[in-house]
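Single-structure report; data block below.
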Amino acid sequence: MTYIESAALMTDPDFRGRIKVACLKFADSILNEPNTTPAHNTRLRWATQTNAVPDMAAQQVQPPTVMDGAVQAAGAEITDDALQGSVEAVVQKML
């Protein structure tokens, strides 16, 4: 993707909606993980905050997700499964 295409995708509301769904799905899996998972408390805080204010989480995660290699390769046409992987990878880096 070009810089212009990347910048546009970083503010695309439909793409943000897909990222929000991916964030909520990841948050749900974190809420159900064992408390022995490494960095669980940090992950639990993120998941709780994401469930409370999912739009804010999506807005924070969108720019770095657009820069993920899979998104750069596929753009907005990335599959939901691949986008889920990209979002989870980005969130892991953020935590």
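Bear in mind that the values in this text are calculations on the coordinates, not laboratory data. Since this is a predicted model, take the numbers as computed values, not measurements. Note: ideal-geometry Cβ built from the backbone for every residue, glycine included; neighbour counts use all protein chains shown.
Converting phi to 3J(HN,Hα) with the Karplus coefficients 6.51, -1.76 and 1.60 and the offset θ = phi - 60°, segment 68-76 yields 4, x, 5, 6, 4, 6, 9, x, 5 Hz in sequence order, with x at every glycine or proline.
Magnitude of the Cβ-charge dipole of the chain, K/R +1 and D/E -1, about the Cα centre, nearest 20 debye?
Working: 7 positive and 11 negative charges, 77 e Å.
The calculated dipole for the chain is roughly 380 debye.
As a rough footprinting exposure proxy, the listed residues THR42, THR2 were ranked by other beta carbons within 10 Å of their own, and the order from fewest upward is THR2, THR42. Under the criterion of Cα pairs below 8 Å and six or more residues apart, the relative contact order for segment 36-95 equals 31 percent.
Considering only LEU31, ALA74, PRO64, the residue lying farthest towards the positive end of the dipole of the chain is LEU31, judged by Cα position with unit charges set on Cβ. Hey, what angle do you get for helix 80-94 against the long axis of the chain, alpha-carbon based, 0 to 90 degrees rounded to 10? Approximately 60 degrees, to the nearest 10. In order along segment 3-12, the Karplus-derived 3J(HN,Hα) couplings, from 6.51 cos²θ - 1.76 cosθ + 1.60 at θ = phi - 60°, round to 4, 5, 5, 5, 4, 5, 5, 5, 10, 5 Hz, and Gly and Pro are given as x.
Each stretch of four or more DSSP H residues adds -39500 (n - 2.57); spread over every residue of the chain, this sum gives -24500 deg cm²/dmol at 222 nm.
So for the chain, considering every pair of alpha-carbon atoms, how many percent are separated by more than 17 Å? So the pairs more than 17 Å apart make up 45 percent of the total in the chain.
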